[in-house]
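Report on one structure; see the data block that follows.
Since every read-out is calculated from the coordinates, none of them should be taken as a lab result. Quick caveat: nothing in here was measured; it's all calculated off a predicted structure. Cβ coordinates were reconstructed from backbone atoms using ideal geometry, including for glycine residues, and neighbour counts include every protein chain displayed.
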């Protein structure tokens with residue numbers, strides 16, 4: 001396996017740079033051939049690296065960046081006012097080909113804007129999309145996109161999201177002919193808005209994609225499709241609503257259980273078994289979200305990711321880079337564009 | 001309390017007319033002053049009424065309708081081809097003022113279309129909306145609308161949804177100054193699409209509404225708002241995604257529990273306690289959805305509602321009728337329209 005170099009924005013997450021250094025420590029062991037460039041404030045990072053005895057590690061480089069994008073920074077503002085942010089510097093390492101992938105737990109809007117400006121989209125790709133794996137009833141995963149990079153999409157853009165998601169499902173999930181579905185408010189042809197209906201026509205006309213039709217929200221986790229396509233407004237709200245419900249359910253079960261001594265005792269005994277039911281279902285935690293369609297691999301880790309979750313995002317960056325996902329997407333987009341004209 | 005007459009579409013649900021008759025039996029006891037017109041196929045309904053000794057009940061009228069709208073009928077088709085459907089006949093009882101409210105577990109699209117044509121919207125109301133109560137972390141309820149009556153909405157329509165939801169929250173939930181929020185993919189002003197942004201401006205300009213701003217999907221159940229507004233495409237997908245997740249979680253917990261004899265034994269013992277965590281969270285089951293903005297009270301019960309759930313929908317119809325929700329909405333819409341001009 002070829003040695004890769006990954007850039008880690010160490011300053012982005014809610015929990016500070018220590019979680020990135022924890023994840024780095026794991027990554028150095030798990031991937032004994034890869035290099036990591038840790039980008040951020042030296043004064044903060046050096047003591048953390050020292051505490052893990054990583055400051056002289058041959059596969060770790062520290063790259064200084066004087067600024068940090070905060071969670072409340074607006075994308076345009078952070079682009080103009082923070083040219084030396086850890087996020088920007090990490091992305092520029094991809095643009096200059098010093099690194100093959102970038103992982104950040106920072107502000108999603110800023111990351112999308114900066115990545116778009118630093119890296120540009122692949123030839124033929126209209127818009128990058130934010131994509132995440134979501135768990136399925138079968139135990140497998142499906143890809144859902146877009147999750148918020150594009151609040152408004154036309155049908156050509158949604159069609160490309162299906163195409164890019166399909167390439168990712170093949171390369172990353174190993175599915176030969178990924179089933180592509182459009183998220184809609186009904187399964188019948190007449191349902192939904194004009195954009196969804198005309199996107200369905202584009203999919204139906206395509207020879208190389210395995211389009212299976214509309215699916216509804218309640219089938220998001222039913223293993224009916226491998227790639228589920230929607231605009232960023234809908235995708236963001238659908239996924240976050242599910243997160244909100246999962247939290248509510250967990251709290252509610254907890255309080256029903258805590259109300260009786262026998263149930264409390266039971267839960268102590270079987271905590272790991274119950275916990276397993278939940279861990280599996282935190283879409284943003286068990287994995288990072290990929291910003292696909294760009295000339296490089298960019299992974300957005302959840303803002304409140306801990307070291308383990310940030311490590312998951314690094315692992316995902318390694319996988320996408322090893323599969324050379326950007327090149328695969330570029331080739332497939334080119335092929336389908338030729339098919340259409 | 002004044003005696004009301006309610007029309008029940010007995011043929012609509014997935015589980016057949018028997019669940020409607022079960023619910024009717026409960027309703028006759030719970031509401032000893034109200035009358036019920038049961039609409040549907042006499043040959044099917046008479047034996048069911050007889051089995052409950054209701055065929056001669058002084059507060060039950062059987063109204064024959066020769067057709068049934070199926071779950072797969074397209075709204076336009078059912079409107080043209082089934083003029084004597086139980087759903088249509090039940091709605092016409094509202095139009096002729098023989099009944100004050102209608103409850104149906106039938107095809108949502110057909111019900112919306114038929115209700116719109118039979119009853120028309122209230123003066124000044126642009127579009128009817130499908131609204132449901134959703135549970136909140138605090139144990140209270142909030143109203144979410146639209147859930148699918150309007151896949152595409154302009155900002156005037158969304159503004160009116162907030163207004164109508166606010167009247168319903170005051171009259172039905174008893175909240176003095178209901179907090180209205182717009183569902184969006186971020187809380188900042190710059191987030192979302194143009195319609196959401198211009199709707200926010202309309203709310204901000206309004207003097208009589210308690211608008212609190214944008215909320216994200218993960219706050220849908222966090223008791224941050226009493227009325228949550230979105231277009232029918234987003235609302236339908238958000239609510240159904242949550243239903244899908246709840247089902248997945250339930251199955252997953254069940255299989256983790258079933259994997260060990262001690263947990264199986266435990267669950268048998270504490271089933272009611274665990275069950276409580278779930279029952280509370282089935283938005284479409286613990287209540288019907290209201291089609292508001294029309295000249296009459298129309299409640300859509302879930303298609304697979306059992307007798308208990310259908311009874312909930314009847315109860316909701318009684319409450320909305322007693323509060324005279326259509327008149328309250330008409331007055332408030334008139335007031336705000338005058339305020340705007």
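Modelled this way, with points 7 Å down the Cα-to-C-beta line, the labels at residue A:30 and residue A:138 are 2.5 nm from one another. Calculated FRET efficiency, residue B:15 to residue B:250, Cβ-Cβ distance, R0 = 22 Å: about 0.60 to the nearest 0.05.
With Cα atoms defining each centre, segment B:288-341 and segment A:52-95 are spaced 54 Å apart in the structure. Here residue B:44 yields copy-to-copy label distances, from shortest upward, of 6.5 nm, the label point defined as 7 Å from Cα along Cα to C-beta.
Here the simple spin-label model places points 7 Å from the Cα toward Cβ, and for residue A:57 and residue A:338 these points are separated by 4.3 nm. A simple spin-label model places the labels of residue B:72 and residue A:71 4.9 nm from each other, with each point 7 Å out along Cα-to-Cβ.
Shown for B:69, B:229, A:89, A:103: other C-beta atoms within 10 Å of each C-beta, ranked fewest to most, produce the order A:89, B:69, A:103, B:229. Inter-copy label distances at residue A:80, using a point 7 Å along Cα-to-Cβ, come to 5.6 nm with the shortest given first. Shape class for segment B:170-222, computed from the alpha carbon gyration tensor (a ≥ b ≥ c): oblate, with a/c not under 1.5 and a/b at or below b/c. On the basis of the beta-carbon distance and an R0 of 35 Å, residue A:324 and residue B:198 show a calculated FRET efficiency of 0.20.
Could you work out which residue, out of B:206, B:78, B:132, moves most in a Gaussian network model of chain B, that is, has the largest mean-square fluctuation with Cα springs under 10 Å? Answer for the Gaussian network model of chain B: B:206. Looking at the square roots a ≥ b ≥ c of the eigenvalues of the Cα gyration tensor of the protein assembly as shown, which shape do they give, rounded for a/c under 1.5, prolate if a/b is larger than b/c, or oblate? Prolate, because a/c is 1.5 or more and a/b exceeds b/c. Across identical copies of the chain, residue A:176 has label-point separations of 6.7 nm, listed in ascending order, with the point defined 7 angstrom from Cα along Cα→Cβ. The Cα-based radius of gyration and maximum Cα-Cα distance (Dmax) for chain A are 20.7, 69 Å. Within segment A:7-22, name every residue whose backbone N is under 18 Å away from a label modeled 7 Å from Cα of residue A:46 along the Cβ vector. Backbone N within reach: A:10-11, A:17-18, A:21.
For chain A, what is the calculated [θ] at 222 nm in deg cm²/dmol (nearest 500), taking -39500 (n - 2.57) for each run of four or more DSSP H residues and dividing by its residue count?
Roughly -15000 deg cm²/dmol at 222 nm, from the helical runs in chain A.
Classified by the C-alpha gyration tensor, segment A:1-121 has an oblate form. Its axis ratio a/c, with a ≥ b ≥ c, is 1.5 or above, and a/b does not exceed b/c.
Per-residue extension of 0.36 nm, minus the Cα-Cα distance of residue B:212 and residue B:261, leaves a gain of 12.7 nm for this segment.
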